[in-house]
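Each remark here refers to the structure printed beneath this line.
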Amino acid sequence: MVKGFQSTSMNDYQLNTTTLIRHAVRNFPNREILYRSGNQIHRYTYREAFARMGQIANFLENQLGVKPGDKIGILDWNSARHFELYFAIPGTGATMLQMNLRISPEDLSYVTNHSEAKYIFVDETLLPLAEAIAPHLETVKGFIIMSDKPSSEIKTALSPIYHFEEKIKQESAEYDWPMIDENTAYNACYTSGTTGKPKGVFYSHRNIYLHTVEMGAYIGVNCDDTLLVIVPMFHAQSWGLVHVAAMMGSKIILPGRFTAEDTSVLVDLMLQEKVTLAAGSPAIFLPMLHYIRTLEEKPDFSKARFLSGASEPPVSMMRGFKELTGAEIIHAYGATETTPLVSINYRLNPSLQNKLTEEEKWDLRRKQGLPVTGIDIKLCDPDTGEELPRDGKSIGEICLRGPWITGAYHNIPVSESQFRDGYWRSGDAGTIDENGYLKIVDRIKDVIKSGGEWISSIDLENTLMGHENVAEAVVVGIPHAKWQERPLALVVTKDRNPVPREELEELLYDHFAKWQFPDDILFVEEIPKTSVGKFNKKEIVKLYENLYLQEGGKIPSEL
């Protein structure tokens, strides 16, 4: 660290999220926020939302006695109240706890206790979940029920309870927003706990502010945009797009509760409100594409940018959106520990523009893209820590550092398995090519090791997904007596009928050597998934672990 001549800048002016929303209201007070409650669509403005944020902040301090440093949990969908809490809770100096609705009640109780949450805001539809964890909570003093019904109609075993709407109506919309120290924890999000207990990542206001500015710049967000909030607001602050939209004065659409099984409500909102910005996983975008194919008149999303994360988007999906709607599917990479933006594959490097064929350009778009400015990234041998070459072939662990990368887990000792030489160890195996493009090959623990060679399950999955009748495909490494591990593929077809193996192998021949092909391809009704919608490879391996070890191995009946 080198310190030079002292500047004359206002270096004590803090970077915090209150600044983002204050300036949004100053510049775009009448910009619309649309929210869906049940089957009803409601609309209000940034000015009206900010007034309610002031009422909430006063309620927190005056009636609940919340103080800076207190942790406040939220159990809610992508709602207007959730949006208001995004700024009201941290604006007082307290820390917002994002409570993942998809993890088990046992893990959710652990997260609440580990973070030492004092109060929990609960949407009325989620009262059964709150009631399930309440007996196990050690630090929670009360529950704030969010509902349009009067308190007399709310039936719950929770105690004590406060009715959100009735309580904030007692408060003034005028609130003296303090200048929050930028190193204060804005919110907390816990990993999904697929290995061991969930781990807490506490994001600072500075972290969120810088991430917001960076994401806005890379995606080119402005006040003409309309954001549909698809990513759950309880997960990594909905990938940061809510803050970006607020910073730039974009229109915001909060769809409330929806499911991956029926994404028609999302597509209908996109059409109705002319959405230009959204983010989600292939598990959401694929059903949306299937629904769009059924529409007689295809939508025009030519001005839209849809960020795709969580897993690599199949080229067939990206092409489908482009050809049918004009929309760009933009592959991005990140994690809970990274706020999440690490890399994005939006604009093709100009130096490659005339060197690649159209097919090669589509293939490049499958990669996770170029690391964004401000993030240091290196590829390391997971055992020795030695940095590996950026040749597009050497596979190593992705290691990261930067102003919005976590430097520790809450209340857990830092260990070399998590951090090394100031870098966070992602656990993702990948390559970086000579042009700087990042490609995630697998999770380190999921890479298939066959006869001393590595096989990418992700690449196999996305090639199989290229078949017109394949809805989902997952590939895992199954123990093998001779080769250590061999690939097994599970496939869900659109019409629920098996696809001839030779048709799938014809796709694989263009990208893989014969020895890399799955030994078996099983057609199933459903593929197990984790709480955040990713394929649960750990469970799949457990179900099929003896398939290649015994002759004529019996296929498990659980699927």
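Can you tell me how many residues in segment 396-427 are crowded, with 18+ Cβ neighbours inside 10 Å, of a type outside the set (Gly, Ala, Ser), touching a residue at least 60 places away in the same chain (Cβ under 8 Å) and in a strand (DSSP E or B)?
Adding up the residues that qualify gives 3.
Return a yes/no flag: does segment 338-348 have any residue that is among the hydroxyl-bearing types (Ser, Thr, Tyr), under 19 Å from residue 534 (Cα atoms) and crowded, with 21+ Cβ neighbours inside 10 Å.
Yes - at least one qualifying residue is present in segment 338-348.
Restricting to segment 378-395, count the residues that are without any contact (Cβ under 8 Å) to a residue 24 or more places away in the chain and either under 23 Å from residue 455 (Cβ atoms) or in contact with a His (Cβ under 7 Å, 6 or more places away or on another chain) (or both).
Looking only at that region, the number is 6.
Name the residues in segment 140-158 that are in a loop (DSSP other than H, G, I, E, B) and either in contact with a strand residue (DSSP E or B) (Cβ under 8 Å, 6 or more places away or on another chain) or β-branched (Val, Ile, Thr) (or both), would you?
Within segment 140-158, 140, 141, 147, 148, 150, 154, 156, 158 meet the criteria.
Determine if segment 287-296 includes at least one residue that is of a type in the set (Val, Ile, Thr) and either touching an Asp or Glu at 6+ places or on another chain (Cβ under 7 Å) or touching a residue at least 60 places away in the same chain (Cβ under 8 Å) (or both). I'd like the intermediate steps shown before the answer.
Kept after step one, since they are of a type in the set (Val, Ile, Thr), are these residues of segment 287-296: 292, 294.
With either touching an Asp or Glu at 6+ places or on another chain (Cβ under 7 Å) or touching a residue at least 60 places away in the same chain (Cβ under 8 Å) (or both) added as a condition, the list becomes none.
No, because not a single residue in segment 287-296 is of a type in the set (Val, Ile, Thr) and either touching an Asp or Glu at 6+ places or on another chain (Cβ under 7 Å) or touching a residue at least 60 places away in the same chain (Cβ under 8 Å) (or both).
Residue by residue, here is whether (1) at pLDDT 95 or above; (2) in a loop (DSSP other than H, G, I, E, B) holds:
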| site | (1), (2) |
| --- | --- |
| 10 | yes, yes |
| 25 | yes, no |
| 29 | yes, yes |
| 53 | yes, no |
| 82 | yes, no |
| 85 | yes, no |
| 88 | yes, no |
| 107 | no, no |
| 112 | yes, no |
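Being in a loop (DSSP other than H, G, I, E, B), surrounded by fewer than 16 Cβ atoms within 10 Å (Cβ to Cβ) and modelled with pLDDT of 95 or more is the filter here, so list the residues in segment 381-391 that pass it.
386, 389, 391
Any chance you could count how many residues in segment 374-423 are over 24 Å from residue 434 (Cα atoms), in contact with a Ser or Thr (Cβ under 9 Å, 6 or more places away or on another chain) and either in the same structural domain as residue 71 (by TED's automatic domain parsing) or among the hydroxyl-bearing types (Ser, Thr, Tyr) (or both)?
Going through segment 374-423 one residue at a time, the tally reaches 2.
Look at segment 395-415 and say how many of its residues are within 20 Å of residue 375 (Cβ to Cβ) and either in contact with a Cys (Cβ under 6 Å, 6 or more places away or on another chain) or of a type in the set (Ser, Thr, Tyr) (or both).
5
Starting from segment 67-86, keep only residues that are within 14 Å of residue 125 (Cβ to Cβ), then list their pairs with residues that are of a type in the set (Gly, Ala, Ser) whose Cβ atoms are within a distance under 9 Å, requiring at least 6 positions of separation or different chains.
75/130; 77/256; 78/238; 78/256; 79/37; 79/256
Quick check on segment 254-302: of everything there that is in a loop (DSSP other than H, G, I, E, B) and among the acidic types (Asp, Glu), which residue is nearest to the chain's Cα centre (by Cα)?
261
Considering each residue of segment 501-542, count those that are more than 26 Å from residue 285 (Cβ to Cβ) and basic (Lys, Arg), and give that number.
The total comes to 3.
Find the residue count for segment 451-486, including only residues that are assigned to a strand (DSSP E or B) and among the hydrophobic types (A, V, I, L, M, F, W, C).
9
The values are calculated or read from the model by the stated rules, or taken from the named source; none is laboratory data. What you are looking at is a predicted structure, and each value in this text was computed from that prediction instead of being measured. With ideal geometry, Cβ positions are generated from the backbone for all residues, glycine too; neighbour counts draw on all protein chains shown.
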